1. Of the residues THR99, THR4, only one is free of Cβ contacts under 8 Å to residues at least 60 places away in the same chain, of a type outside the set (A, V, I, L, M, F, W, C) and crowded, with 18+ Cβ neighbours inside 10 Å; which?
2. Restricting attention to segment 118-151, report how many residues are farther than 21 Å from ALA27 by Cα and out of contact with any helix residue (DSSP H, G or I) (no Cβ under 7 Å at 6 or more places or on another chain).
3. Cβ-Cβ below 8 Å, separation at least six or inter-chain, first residue in segment 246-264 and under 23 Å from PHE200 (Cα atoms), second hydroxyl-bearing (Ser, Thr, Tyr) and assigned to a strand (DSSP E or B): which pairs?
4. Only one of (1) closer than 19 Å to GLY72 by Cβ; (2) without any contact (Cβ under 8 Å) to a residue 12 or more places away in the chain is not met by MET134, so which one is it?
5. What do you reckon, is ILE3 among the β-branched types (Val, Ile, Thr) and under 19 Å from the mean Cα position of the chain (by Cα)?
6. Keeping to segment 257-289, report how many residues are more than 30 Å from PHE154 (Cβ to Cβ), in a loop (DSSP other than H, G, I, E, B) and among the charged types (D, E, K, R).
7. Test each condition in (1) touching a Ser or Thr at 6+ places or on another chain (Cβ under 9 Å); (2) modelled with pLDDT under 95 for PRO241 and report the one that comes out false.
8. Just one of PHE232, PHE227, PHE144 is within 23 Å of VAL124 (Cβ to Cβ) and part of a loop (DSSP other than H, G, I, E, B); which is it?
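The values are calculated or read from the model by the stated rules, or taken from the named source; none is laboratory data. A quick note: this is a predicted structure, and the numbers were derived from the prediction, not measured. With ideal geometry, Cβ positions are generated from the backbone for all residues, glycine too; neighbour counts draw on all protein chains shown.
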Amino acid sequence: MNITIRNAQLTLLISTIGAEKISLKTASGKEYLHQPDEFWSSTSPFLFPIVGRLKNGFMNLNGKEYHLPLHGFLRHQEFEVLQQKEDEVTLVNVHNKETLEIFPYQYKVFITHQLKDLSVKTSVRITNHSNEVMPFNFGGHPGFTLPLYPNETFEDYRIVFQKPEKFSSPVVEQDGTINYNEPWLCFNELKELPLEYRYFENDAIIIPRVRSEEVLLINQNHQGIRFQYPGFVTLAIWTRPNAPFVCLEPWIGHGDRHDTNHDFLTKDNIVYLDPTADFNIQYTITILE
């Protein structure tokens, strides 16, 4: 089922599968979110309880082996509408028999999408209903249409960072694991990244410890979006050669390292959530016309 919320400037369409934003249009009808195509079948999924891919598809947790798909299972789960206003909706997903078989924790995930002027704020609350500490990773994965205007190309856009970024983006191996021993791209005090498809021939650009809490994705006329993601550790930038979109992915965690021992608790940036406790995080998309 799809749900629509709107205000005077924006219309947002949300699927109850994964609580995923699937369309974001301005009053003029311009679409800002990627629409599924041959390059990528999603739009803006949420990544839980893992980010990225497990080596050989499995992890070990408390002496037991669990198999999880790419980016976890939340993006495939049916959410229920908890409350809805004209410009805001909150959806919830609760653990079930199927999730407990691959992730042995009782959880609730609340996702709220709220419109204000030309902004969409997406807030996530994860509650641990188990009687033990719940470990997990979490991420967002919104994809944005590029180019936005006629007579433009992908290369007419750039990403502007709030703070200069110095990092080595690791190689993504053929099995989807991350190899930090072999940098794919290195940047020193990067303030602006002109978009070029050659940067994505290996996979994503991964900024492991991103300093910026917001970036601009804009064209030569400063049109595009502002993307704010406070509290996230990593920012990935991803597309495929010749694809008409780019994803800005804020993560807490990432895919398995290529030399992993499969122990889930040795993964990077694990969140440890106490029983009955809440984990809260958000990101905001603002349209720049």
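1. THR99
2. Residues meeting the conditions: 19.
3. PRO250/THR234; PRO250/TYR283; TRP251/THR234; ILE252/THR234; GLY253/THR234; HIS254/THR234; ARG257/TYR180
4. All conditions pass for MET134, except number (2).
5. no
6. 4
7. PRO241 satisfies all of (1) touching a Ser or Thr at 6+ places or on another chain (Cβ under 9 Å); (2) modelled with pLDDT under 95 except (1).
8. After applying the criteria, what remains is PHE232.
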